Each structure stands twice: as structure tokens, then as C-alpha cells.
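Written below as C-alpha cells is the structure these notes are about.
The values are calculated or read from the model by the stated rules, or taken from the named source; none is laboratory data. All values reported here derive from a predicted model rather than from experimental measurement. We place every Cβ from the backbone using ideal geometry, glycine too, and count neighbours over all the protein chains shown.
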Amino acid sequence: MIDLHCHLLPGVDDGASSISESLEMARIAVHEGIHTAVATPHFHPGIYDNSIRSLQATFTEFTHALVKANIPLKVRLAGEVRLTEQIINALPASEIPMLGTYKGNDVLLLELPYSHIPPGTENLLQWLNRRGVIPMIAHPERNREIMQNVNAISRLTKGAVLFQLTIGSFAGSFGVKAYETAIALAKKGHLDVLSTDAHNLKRRPPLTKVGLSEVRKWIGDERTHSAIEELPRAIIS
Ligand SMILES: [Fe+2]
């Protein structure tokens, strides 16, 4: 499996806190069937002031440590970008770390606030589309507005958009409501990519097996394979 969303890099956000924790998370990821992981540190101005340039040294250190520890995990660097007005300023300068491309467009992992879908989100998504960017919405099943009414997702589907659901949501790791919302979104067809969004060893390790066996019950083997292998591969190739 290709994990398009995880916080493996040490000390750059609220993910792994040390290189040894990063390496142990990588070992677990491989054991869980992940062969390629895209590290997606938070890009959230004023909270996590990461940039592609500032992350490069940590990423290089991590890739070297993986080789030294003989852990067969391929890694790439992108980011999880919080929806803020700063995106509009950062995009032209190519300061935004894209996951890859899909159908000739860049793919951006975009995180909404957990509380709601901010007013104007529809316009921002379409603005991104016009600039050749397809937003991939991170874990919509944990947005409270969507959890309260799954039909609120329609505000996000006016243009080209992809949805990344978190595997742990299907394992019940984020509570009953996130579990039910994840299933409802999957059944409505709003599930394009499944990722771990792993953060640490204790509470959010990169586990896949329980969640994937649950998700297969709802969408079948073929769609599950597309969400963990085929579409992620198309995006990063
Ligand atoms: Fe994340």
C-alpha cells in the first residue's frame, strides 16, 4: 500500500517527536503492508511554520536513517496544508508542497478545520481548480459539520476534488460518529484514497489491517485496492 498522508518526520509538527520514534513507526508501517509513505507535515501558518526548504534537512536525515536501519520503506515529502487565506499567496510562488499530479493537475492535501466547513470554502476549491490544482480533502469524516449531516459534503463537490479518508476511522479509532460518517461517505462514493494519518507510536501508529478489513466489507476489494494502491500510485508517479 501507498500511504499518502502520515506524520513520520521527527520534530516538525505534532507527529513523531524523535528519529527513533519515526523509525519505529516506519517499521510498523512496513509490517502493516505499506511500501511507500508520503510524509505530510502540517503547513499551518502561525501554528506550524514549515516550508519545503525548512523540511529538507530533516527529510534527508530520515531517509538516510531508514537505509541505515534496513527498513524497506520508500518515502517522499509533501505536506498537509490547512485551509487558510495564506494558500492564495503561497500558491503562485510554488511554496505549497503538492502530493503529486492527477489528470494533468497538481494534487494538494488540504485540511479543513475540524469544527465546520468555513464560508467560502466552495469558492476556494474552485479557485484552486482554475489554477490547475485538485484539492484532496483530508479526513472529511472527522469534520463536525459533516459528522452532523453527511450531505454537507455536497458543498465540497462542486468542482474537481478528491477525498482522503483515514483508515483508523473504519477501525473505530476516532469514535462511533467518525466511524459512521466514514461508512456513509464511502457508500455515497466520497472515498478516493485511504491513508493512515499516523502521528505517533502510542495513540496513532500507522495501523492498517483492522480498518481495511472493515472498509472492504462496505466498498469491496476492488475499490479498496484502488484507494490504497492504484490512485495513490497514479498521483505520485
Ligand atoms: Fe494529518
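Against the condition touching a strand residue (DSSP E or B) at 6+ places or on another chain (Cβ under 7 Å) and surrounded by 16 or more Cβ atoms within 10 Å (Cβ to Cβ), how does THR181 come out, does it pass? Taking the combined requirement at face value, the residue does not satisfy it. For the condition in contact with a strand residue (DSSP E or B) (Cβ under 6 Å, 6 or more places away or on another chain), at pLDDT 95 or above, more than 16 Å from the ligand (Cβ to nearest atom) and of a type outside the set (A, V, I, L, M), GLY132 does not qualify. For TYR114, the stated conditions do not hold, so it cannot be described as under 22 Å from SER154 (Cα atoms) and more than 16 Å from the ligand (Cβ to nearest atom). In the condition set (1) of a type outside the set (D, E, K, R); (2) in contact with a Pro (Cβ under 8 Å, 6 or more places away or on another chain); (3) outside any loop (DSSP other than H, G, I, E, B); (4) buried (at least 21 other Cβ atoms within 10 Å of the Cβ), VAL30 is compliant with all but (4).
Of the residues making up the stretch 155-174, none is free of Cβ contacts under 8 Å to residues at least 12 places away in the same chain and more than 20 Å from the chain's Cα centre (by Cα). Of all residues in the stretch 130-156, those satisfying the criterion of being in contact with a Pro (Cβ under 9 Å, 6 or more places away or on another chain) and assigned to a loop (DSSP other than H, G, I, E, B) are ARG131, ASN143.
Of all residue pairs spaced 6 or more apart or on separate chains, those with beta-carbon atoms under 7 Å, a first member in the stretch 193-221 that is at negative phi and a second member that is basic (Lys, Arg) and in a loop (DSSP other than H, G, I, E, B) are ALA198/ARG204. When the stretch 60-106 is filtered for residues that are more than 22 Å from HIS139 (Cα to Cα), of a type in the set (Asp, Glu) and at pLDDT below 95, only GLU95 remains. Out of all the residues in the stretch 46-68, which are touching a residue at least 40 places away in the same chain (Cβ under 8 Å) and within 16 Å of the ligand (Cβ to nearest atom)? The one that is touching a residue at least 40 places away in the same chain (Cβ under 8 Å) and within 16 Å of the ligand (Cβ to nearest atom): LEU55. Determine if the stretch 97-105 includes at least one residue that is away from the ligand (no atom under 15 Å from the Cβ) and closer than 22 Å to ALA198 by Cβ. Checking the stretch 97-105: at least one residue is away from the ligand (no atom under 15 Å from the Cβ) and closer than 22 Å to ALA198 by Cβ. Does ILE146 satisfy being within 16 Å of the ligand (Cβ to nearest atom), within 16 Å of HIS190 (Cα to Cα) and modelled with pLDDT of 95 or more? For ILE146, the condition - within 16 Å of the ligand (Cβ to nearest atom), within 16 Å of HIS190 (Cα to Cα) and modelled with pLDDT of 95 or more - is not met. LEU73 falls short on exactly one of the conditions (1) closer than 29 Å to SER115 by Cβ; (2) away from the ligand (no atom under 13 Å from the Cβ); (3) not charged (D, E, K, R), and that condition is (1). Against the numbered list (1) under 30 Å from SER226 (Cβ atoms); (2) more than 12 Å from the ligand (Cβ to nearest atom); (3) polar (S, T, N, Q), THR40 comes up short only at (2).
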